[in-house]
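Engineer: Sharing a structure here in structure tokens format.
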Amino acid sequence: MNLPLLPYESSSYAASVDAIFLSLLLLCGAITLAVFVVIIFFCIRYRRGSSADRTHYPSHGEQVGIEFTWIIIPFVIFIGLFIWAGNVYYEMFSPPTDGLAIYVIGKQWMWKIEHPGGQREINQLHIPVNRNIVLTLTSQDVIHDFDVPAFRIKHDVLPGRYVRMWFKATQTGTYHLFCGQYCGDFHSRMAGSIIVMSDLDYAAWLQGSGTQSAPESLVAEGSRYFHSLGCSGCHEGSLVVHAPSLNGLYQQPVPLQSGQIVVANDDYLRDSILQPSKNVPAGYQPIMPSFQGLLSEEQIIALIAYIKSQRNDLPPNSRDQP
Amino acid sequence: MTQTPEMHFIPRENYLNQGKTLVSWLFTHDHKRIALLYLISITFFFLIGSIAAVLMRIELTNPHGEFFTSTTYNKLFTLHGVIMVWFFLIPSIPNVLGNFLLPIMIGARDMAFPRLNLLSWYVFMFGGLFALASIILGGVDTGWTFYTPYSSTYSNGWVIAMAVGIFINGFSSIFTGLNFIVTVHKLRAPGMTWFRLPLFVWTLYSTSLIFVLATPVLAITLTLVALERGFGVGIFDPRIGGDPLLFQHLFWFYSHPAVYIMILPAMGVISELIAAFSRKPIFGYDFIVYASLGIAFLGFLVWGHHMFVSGQSIYAGMIFSLLSFFVAVPSAIKVFNWTATLYKGHISFEAPLLYALSFIALFTIGGMTGLMLASLAVDVHVTQTYFIVAHFHYIMVGGAVMAYLGGIHYWFPKISGRMYPENLARWAAVILFVGFNLAFFPQFILGYMGMPRRYHVYPEEFQFLNIVSTCGLPLLGLGYFLPLCYLGWSALFGRIAGPNPWDAPGLEWQIPSPPPSENFPCIPVVTRRPYDYGTNPDTHEPEETEEESHAR
Amino acid sequence: MKINLSRYLRVLLSLFVLLALTTALAFLPLGAWNWLVELPVAFAMAGLILLFFMKVWSSEPLLGLTSAVGFTWLCLLILLVSLDYISRAWPE
Amino acid sequence: MPAEAGAELPNFPFKDAGHQRESALFGMWIFLATEVLFFGGMFMAYIVYRYLHGQAFQEAGAHQEWYLGFLNTAVLLTSGFTMALAVDFARQGQRNWLLVLFGVTWLLGAAFLGIEGYEYYDKFVQHLVPGTGFRFTGSDPSASEMFFVLYFTMTGLHMFHMFVGLMLILLFGGWSWVSPSFLLKPNRFEVLGLYWAFVDIVWVFLYPLFYLVHPR
């Protein structure tokens, strides 16, 4: 039975979180200890009937002075800690652009995880060590929370909206994955594990992750839906229908009919699929049919992965294959 | 401390024997009797909440959760949360000690609206009826926070019945707060200026401001959740563009000020106890007054620190974190001022002071961990874990309940006219302090190691600390059971206390105990400072003379 | 306390004028921003009712202060919650 | 109830009638502050969703008959006027004028509920009541449904407050008609006047938010 006081420090910012916590612990511990010692000392020295000297009580002016000193000094120190903690928080909550994109869907009492290569996992996440991992999470029903104590990170997963979070594992090993936001009967059974592997093991895992042949990649699956659901009919240069080309659309500013400029992030793509006439691009008519209720979360994610893969530098012919 | 033990006697005509029949108690207008009605009802609810806590702690001794199913465990922690927050902690000090003492401390005969005061108790019991019905019929498994969309669409517990119960209970808080504010503004005795009010009255006034300004937002939030559950479609429904975060904003806009409702009156009691048992005026009276009002105001600006990881924008998170550091300043002022009050005092270690000292110790630890939670990066790691559970239990159980017991012991002679057994009370305080620390300190470590809260099943490595935490429970139980016994016993057979057993200068100690129904034969004229324990014989320092207090 | 009917009538008349004003302003082609025009008028109407129909004008200042506190706390709530919603769209 | 010592004083626990009147009004104003925050929660929801779904709210607002709202606001303002007068007459003890003005106020309030009821029926006919029967063609039908959820919740709660006000007018009017001694305690009339004027103020804010979003 080991009693580790600190969980593993195995993500890039885990060390700084622990450093902030320890410095807070020291500062708060010092103040608490000071208060305890002073109280015990006063209680013993000035107990009733003791012959301690009780003259020269600080006048009203001195009291105000004392009051300000023991408030301003700790306050300034704590503001310093606030700024430090704020910086680390900003770093923890702004995902890098070059990370390995993994999609996570929280569902009542399980985590469904999809890798770009098409591998699907339940409550398990295999990731390579020392690489930025960017998770795009959503929930199918209630609020869940992707909580990895060893990485010192957690983020609530909201229904109807994409949430992004990132980490870079620095040590290989298996770490706990919990659901941090109460979500119903088996909230406590929604736990899983994050398996951090060296690059070799990760590549091997990618290949032989299952008995069947290499699984169909997410982008391939997305293009299959893109064509089977009829999206390609309009969005790939049809003469009859005037529809915006999705070529290199991701993260580009899109001028809307209402005059706003919106960045085409994940949320925009999802809204355009489910409620197309909500953000109609300038110069187009709201004629696209809504797919609300027709697509599962997995299909939407696959379609978005396909749209994101439509970059200008791709040779045109590679886009046309069925 | 006590004068020469001349014979004291229970006054023939006092509020207790004014009317013996049940009707005289159930339809009383006397604020003192309503306080006792509240005392009995919240003790009943405290027992229910404690049973749930004991069952949960037993359940958590093994990691695979063999005693109850997950659903039962979820219903238990919801019951514990709802009953303890709304039916014990919020009414405990304001409605029991506040109802009893506020009119007496400001020299009034009764509350401004006596009938509204009685209505507040009936509304409290009516709300309690709904809550108990919801528990007996099948319980609620949403947690005391009722987060949507789980509470509005996916939960299958009796959420509407519980929401109606808390909604009605909210009116009890509003009526009490309204009564306190009007009484303090309009019924102060001549000479009782704002800066001669005892600090307990100041904290009750600040708490009433929060009662009146925060409880309505909870009422509307729970109404909207109940409507959404009833009609199937509502304001927080993500399927029609609703935002679950809006519920969290509205809920925490009430719930953070609510935790200040629970702790502010406790601070008032502690200011009284520390001043009384070191027999000298409180250090920095003005600062503590402005600190109480500061807590009441700043408490409304910081609720976002409950939502750092909930999808709230990181810029809003930073602003709420900065404001949370500001709200810690008034609490720090109070703790430092209490410590300074002990300086050069005549400290005697009766039971109330032991409760007050353990309050200061536990509240300081709770407050300091609060500062750790206010800093963003640490909160991301420890929110929704047992670190949070330990933090708020240190403030609520270590702070509010400890001060409540201290206050009950200190004013027990005034309420019942008899003294409690001194040594037994001191032992109860010590047992409570030790049992509390044994039960809740391990949870800080569990929290930082990452054990999530509201978990029925957890990994094995957390088991040892959970067992240690459960071991603290018997001591905690004993610490609460002892006062129940000896206070009940000494209310009937205790030594007769006389009007002023602590020789304290407060207005409440100038009238016989138990006091007559109309409190004062004639309304007193107040001339002295609030904590004027007589000129300090040892120091020849000119303490603040009358003129200075008039000038203020 | 003599009943000054004329004051009440003048207040009622100005309320009707403000009502017509706010309705007319609504027809301006402001689209999503027409609340910016209508809210001040609504506050003016509420202020008139508050001061004269509810007699805050002629009663002790404590009553006016209480109503002001009520509205201020609502503005605190609106200010801080809208702060979150507005800053959500800012780039990380 | 047992007559405790001192309770039979006319203004126990106050010094005199003026002191009691001030306290009663102060207490009512505190209660109105809680009502401001009670409605405030919903106004907050309205502001957030109008910010998030501006376009859908514009389309949903087009389906509102603004002239009915205009009429309703005019009716309510007049009832505020008659109530303010009625309260002044009550303070002076002139029972006849009080009963007349209470009657007029009551009729205006009932007219308001009538018009509002007609609007609800009209929405029901147009399939605009949120839930399963909701039919709406627009850029974002689900967000437009949120407009109507807000509409029914806020105006519904306002109608409930109007209903309570009407019952109180009926009660106080009837009581003072039956026993003239009822007028010896005029504070309750002033409190009712404050409550009624507050319900007016809530409607003054509801009118532009729901009827003037996109009038046509």
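Engineer: Peptide B:282-293: average number of partner chain Cβ atoms within 10 Å per residue? Please report the intermediate quantities before stating the final value.
Structural biologist: On the way: counts 0, 5, 6, 2, 4, 5, 0, 0, 0, 1, 0, 0.
The per-residue average across the peptide is 2.
Engineer: Could you check the spin-label model distance between B:ILE51 and B:LEU26? Points 7 Å from the Cα along Cα→Cβ, value in nm.
Structural biologist: In this crude spin-label approximation the distance works out to 2.3 nm.
Engineer: Then there is this: What value, in deg cm²/dmol to 500, does the helix sum -39500 (n - 2.57) over DSSP H runs of n ≥ 4 give at 222 nm once divided by the residues of chain A?
Structural biologist: Helix-only estimate at 222 nm: -11500 deg cm²/dmol.
Engineer: Can you tell me the dipole magnitude for the range D:28-154 around its Cα centre, using point charges on the Cβ only (Lys, Arg +1; Asp, Glu -1), in Debye to the nearest 20?
Structural biologist: Numbers: 5 positive and 9 negative charges, 66 e Å.
Taking the Cα centre of the range D:28-154 as origin, the dipole is about 320 debye.
Engineer: A follow-up question, please. List residues of the range B:332-368, by number, whose backbone nitrogen lies under 13 Å from a label position 7 Å along Cα→C-beta of A:GLU62.
Structural biologist: The answer is B:343-344, whose backbone nitrogens lie closer than 13 Å to the label point.
Engineer: Short version: ³J(HN,Hα) in whole Hz for each residue of the range A:92-100, in order, from phi by Karplus 6.51 cos²θ - 1.76 cosθ + 1.60 (θ = phi - 60°), x for Gly and Pro, what are they?
Structural biologist: 5, 10, 10, x, x, 7, 9, x, 6
Engineer: How big is the charge dipole of chain B about its Cα centre, in debye rounded to the nearest 20, if each Lys and Arg gets +1 on its Cβ and each Asp and Glu gets -1 on its Cβ?
Structural biologist: Approximately 780 debye in magnitude.
Engineer: Can you tell me the FRET efficiency between A:GLN257 and A:GLN140 if r is taken as the Cβ-Cβ distance and R0 is 41 Å, rounded to the nearest 0.05?
Structural biologist: After rounding to 0.05, the efficiency reads 0.85.
Engineer: What angle, in degrees between 0 and 90 and rounded to the nearest 10, separates the Cα long axis of helix B:402-416 from the longest principal axis of the Cα atoms of chain B?
Structural biologist: Approximately 40 degrees, to the nearest 10.
Engineer: Which Cα, out of A:GLY49, A:SER12, A:ALA30, lies furthest along the positive dipole direction of the range A:9-70 (beta carbon charges, K/R +1, D/E -1)?
Structural biologist: Result: A:GLY49, furthest along the dipole toward the positive end.
Engineer: I've got another one for you. Taking each full run of DSSP H in chain D as one helix, which ones are at least 18 Å long along their axis (Cα atoms) and have mean Kyte-Doolittle hydropathy of at least 0.5? Don't skip to the answer; put the middle values down first.
Structural biologist: Values: long enough: D:17-52 (52 Å, 0.80); D:66-92 (40 Å, 0.89); D:95-125 (44 Å, 0.69); D:141-178 (54 Å, 1.26); D:187-211 (36 Å, 1.07).
Long hydrophobic helices here: D:17-52, D:66-92, D:95-125, D:141-178, D:187-211.
Engineer: Have a look at the DSSP beta bridges in the protein assembly as shown and tell me what percent are antiparallel, nearest 5. Intermediate results must be reported in sequence, preceding the final value.
Structural biologist: Working: 33 of 47 bridges.
Of the beta bridges lying entirely in the protein assembly as shown, close to 70 percent run antiparallel.
Engineer: Just to verify a number: FRET efficiency for C:ARG7 and A:ASN247, C-beta to C-beta distance, R0 = 56 Å, to 0.05?
Structural biologist: That pair, C:ARG7 with A:ASN247, gives E of 0.20.
Engineer: Evaluate the distance, in nm, between pseudo-label points positioned 7 Å from the Cα of A:CYS43 and of B:PHE441 along their respective Cα→Cβ axes.
Structural biologist: Rounded to a tenth, the inter-label distance reads 1.5 nm.
Engineer: Rounded to the nearest 500 deg cm²/dmol, what is the calculated helix-only ellipticity per residue at 222 nm for chain D, with -39500 (n - 2.57) per DSSP H run of length n ≥ 4? Mind dumping the intermediate values first?
Structural biologist: Working: 6 runs with 165 residues, N = 216.
After summing the helix terms and dividing by residue count, I get -27500 deg cm²/dmol.
Engineer: Okay, moving on. Output the peptides A:216-225, B:350-359, D:125-134 sorted from most to least packed, where packing is the average of other Cβ atoms within 10 Å over each peptide's residues. Numbers along the way, then the final one.
Structural biologist: Values: A:216-225: 19.2, B:350-359: 25.7, D:125-134: 14.3.
So the peptides A:216-225, B:350-359, D:125-134, ranked by packing, come out B:350-359, A:216-225, D:125-134.
Engineer: Given the options D:PRO130, D:MET42, D:GLN92, identify the residue whose Cα lies farthest towards the positive end of the charge dipole of the range D:36-211 (+1 on Cβ of Lys, Arg; -1 on Cβ of Asp, Glu).
Structural biologist: D:GLN92
Engineer: Taking the beta-carbon count within 10 Å as an exposure proxy, list A:ARG45, D:ARG21 from fewest neighbours to most. Kindly include the intermediate steps, with their values, before the conclusion.
Structural biologist: On the way: A:ARG45 15, D:ARG21 19.
Exposure proxy ranking, most exposed first: A:ARG45, D:ARG21.
Engineer: Quick one: Cα centre-to-centre distance for the range B:462-520 and the range B:393-459, in angstrom?
Structural biologist: Answer, in whole Å: 13.
Engineer: If I take R0 = 56 Å and measure r between the Cβ atoms of A:ASP53 and B:CYS471 in this structure, what FRET efficiency does the formula 1/(1 + (r/R0)^6) give, to the nearest 0.05? Before the final figure, lay out each step's value.
Structural biologist: Numbers: r = 45 Å, r/R0 = 0.81.
After rounding, the FRET efficiency stands at 0.80.
Engineer: Quickly work out the C:SER58-to-A:ILE287 label distance, labels modelled 7 Å from Cα along the C-beta direction, and quote it in nm with one decimal.
Structural biologist: Label-label distance for A:ILE287 and C:SER58, simple model: 6.9 nm.
Engineer: Related question: In whole percent, what relative contact order does chain D give with Cα contacts below 8 Å and a gap of six or more residues? Can you show the working numbers first?
Structural biologist: Working: 181 pairs, mean separation 72.9, N = 216.
Contact order relative to length: 34 percent.
Engineer: Would you mind working out the magnitude of the charge dipole of the protein assembly as shown relative to its Cα centre, with +1 at each Lys and Arg C-beta and -1 at each Asp and Glu C-beta, to the nearest 20 Debye? Mind showing how you got there, number by number?
Structural biologist: Numbers: 61 positive and 73 negative charges, 430 e Å.
With Lys and Arg at +1 and Asp and Glu at -1, about 2060 debye.
Engineer: Restricting things to alpha carbons, find the Rg to Rh ratio for the protein assembly as shown using the Kirkwood radius for Rh.
Structural biologist: Numbers: Rg = 32.2 Å, Rh = 32.6 Å.
Using Cα coordinates only, the ratio equals 0.99.
Engineer: To continue, here is another question. How large is the helix-only mean residue ellipticity at 222 nm for chain B, computed as the sum of -39500 (n - 2.57) over DSSP H runs with n ≥ 4, divided by its residue count, in deg cm²/dmol to the nearest 500?
Structural biologist: -21000 deg cm²/dmol
Engineer: Turning to a different aspect of this structure: Of all GluC sites (Glu not before Pro) in the range A:11-93, which ones are in loop regions per DSSP and have a Cβ with at most 12 other Cβ atoms within 10 Å? Spell out each step's value before the answer.
Structural biologist: On the way: sites: A:GLU62, A:GLU67, A:GLU91; in loops: none.
Here no GluC sites (Glu not before Pro) fit, given the DSSP loop and packing criteria.
Engineer: Compute the separation of the alpha-carbon centres of the range B:257-332 and the range A:129-158 and state it in Å as a whole number.
Structural biologist: 33
No value in this document is a laboratory result; all are computed from the given coordinates. For clarity, every value in this text was computed on a predicted model and none was experimentally measured. Heads up, the Cβs are rebuilt from the backbone with ideal geometry, glycines too, and the neighbour counts pull from every protein chain shown.
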